[in-house]
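Some notes on the structure that comes next.
The values are calculated or read from the model by the stated rules, or taken from the named source; none is laboratory data. Predicted, not measured: the structure shown is a model, and the values here were computed from it. Positions of Cβ are backbone-derived with ideal geometry, glycine not excepted, and every protein chain shown enters the neighbour counts.
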Amino acid sequence: MTTPPFDIVSTAEIRVVSAQLGREARGVVGIAARCTCGNPTVVATSPRLPQGTPFPTFYYLTHPAATAEMSRLEADQVMVELTDLLHENDEVQAAYTRAHEAYLVDRAQYGDVPEVDGISAGGMPTRIKCLHALAGHALAAGPGVNPIGDLALERSHWSPARCECDDPGAALREDEATTT
Ligand SMILES: [Zn+2]
């Protein structure tokens, strides 16, 4: 788990992320979380993409097994259940608001983008709209920062501690090849 500042992203890491997404990775400024094998699971993305488009989702979940699990949870009405929890529990609401603020602070280190000013991701701070975004934040920030993302990951059958990558360790292995 990593929040800014990030290490320089390698071409091998970008290649793995592009393979995960099935398209060219754009605007990646850091690897925010990894599988136990070292492959990225969450990337940090510039709040303004290279073509100029504003992009609020700073922490973007890229791992196919993880995104599939979040989609399954969303289809299982988990968002409805977590929304009830959010509205009924003052502590969870307060922590979720702090998560929203932390998200904006992290992203602001990569530039101010007026179009997304005050807008974080996933529905924060008052709604739950995307478990992918909230789990991405939870994986990047570590447990105890994003309460809803933490709960989504607890429900998930995917875990970064158990590798389900198509090509385990590819992000690191190719790095070694290029530096020797
Ligand atoms: Zn892996």
Flagged pairs (Cβ under 7 angstrom, 6 or more apart or on separate chains; first in region 140-168, more than 16 Å from the ligand (Cβ to nearest atom) and modelled with pLDDT of 95 or more; second part of a loop (DSSP other than H, G, I, E, B) and not aliphatic (A, V, I, L, M)) are 140/2; 140/3; 141/3; 150/143
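Considering only residues that are among the β-branched types (Val, Ile, Thr), buried (at least 18 other Cβ atoms within 10 Å of the Cβ) and either more than 16 Å from residue 46 (Cβ to Cβ) or touching a residue at least 60 places away in the same chain (Cβ under 8 Å) (or both), which ones fall in region 3-16?
Correct list: 3, 16.
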In the set 53, 45, 11, the lone residue that is away from the ligand (no atom under 16 Å from the Cβ), in contact with a Phe, Trp or Tyr (Cβ under 9 Å, 6 or more places away or on another chain) and β-branched (Val, Ile, Thr) is 45
Quiz item: Taking the condition surrounded by 18 or more Cβ atoms within 10 Å (Cβ to Cβ), out of contact with any helix residue (DSSP H, G or I) (no Cβ under 7 Å at 6 or more places or on another chain) and more than 26 Å from residue 158 (Cα to Cα), does residue 105 pass?
Solution: no
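Got a sec? Which of 97, 67, 36 is surrounded by fewer than 16 Cβ atoms within 10 Å (Cβ to Cβ) and within 16 Å of the ligand (Cβ to nearest atom)? Steps first, please.
On the way: 97 fails: within 16 Å of the ligand (Cβ to nearest atom); 67 fails: surrounded by fewer than 16 Cβ atoms within 10 Å (Cβ to Cβ).
Answer to the check: 36.
Name the single residue that is surrounded by the most Cβ atoms within 10 Å (Cβ to Cβ) among those in region 110-131 being in contact with a Ser or Thr (Cβ under 6 Å, 6 or more places away or on another chain) and in contact (Cβ under 8 Å) with a residue 40 or more places away in the chain. Even if it seems obvious, please write down each step before you answer.
Step one: list which residues in region 110-131 are in contact with a Ser or Thr (Cβ under 6 Å, 6 or more places away or on another chain), which gives 110, 121, 125, 128.
Filter once more, so that each one left must be in contact (Cβ under 8 Å) with a residue 40 or more places away in the chain: 110, 121, 128.
Numbers: 110: 19, 121: 23, 128: 26.
Step by step, filter region 110-131, then rank; the result is 128.
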